[in-house]
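One structure is given below, encoded as structure tokens.
The values are calculated or read from the model by the stated rules, or taken from the named source; none is laboratory data. None of these values were measured; they are calculated from a predicted model. Cβ: placed from backbone, ideal geometry, glycine included. Neighbour counts: every protein chain shown.
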Amino acid sequence: MEGYGKYKCKGRVYRAHALAYESTGKLIPPGHILHHTCGVHSCVNPKHLEALKPGEHTKIHKGLRRQPQVKKILGI
């Protein structure tokens, strides 16, 4: 859970962005993960979150790594 906001309740730790997403009435479908469209893991704005299948999420991140400005930041 590195880089993600956390919320602890009754001895259990939750990811803050997942709670924010579900507080809007949307549920994270089984087998899906939340993607931060803004690229900021600590962001909890539900408008910046979308539920994706892991393969879709991987494709997005691989595509981002190919962008010149991202390569410069990552040093690749």
task: State the number of residues belonging to the stretch 32-49 that are loosely packed, with under 13 Cβ neighbours inside 10 Å and either in contact (Cβ under 8 Å) with a residue 40 or more places away in the chain or within 14 Å of residue 19 (Cβ to Cβ) (or both).
output: 1
task: Go through the stretch 47-72 and count every residue that is at pLDDT below 60 and of a type in the set (A, V, I, L, M).
output: 1
- line: Residue hits (the stretch 1-31; among the small types (Gly, Ala, Ser) and either part of a strand (DSSP E or B) or surrounded by 13 or more Cβ atoms within 10 Å (Cβ to Cβ) (or both)) are 5, 16, 18, 20
- line: In the stretch 32-51, residues that are part of a strand (DSSP E or B) and either over 13 Å from the mean Cα position of the chain (by Cα) or of a type in the set (Lys, Arg) (or both) total 0
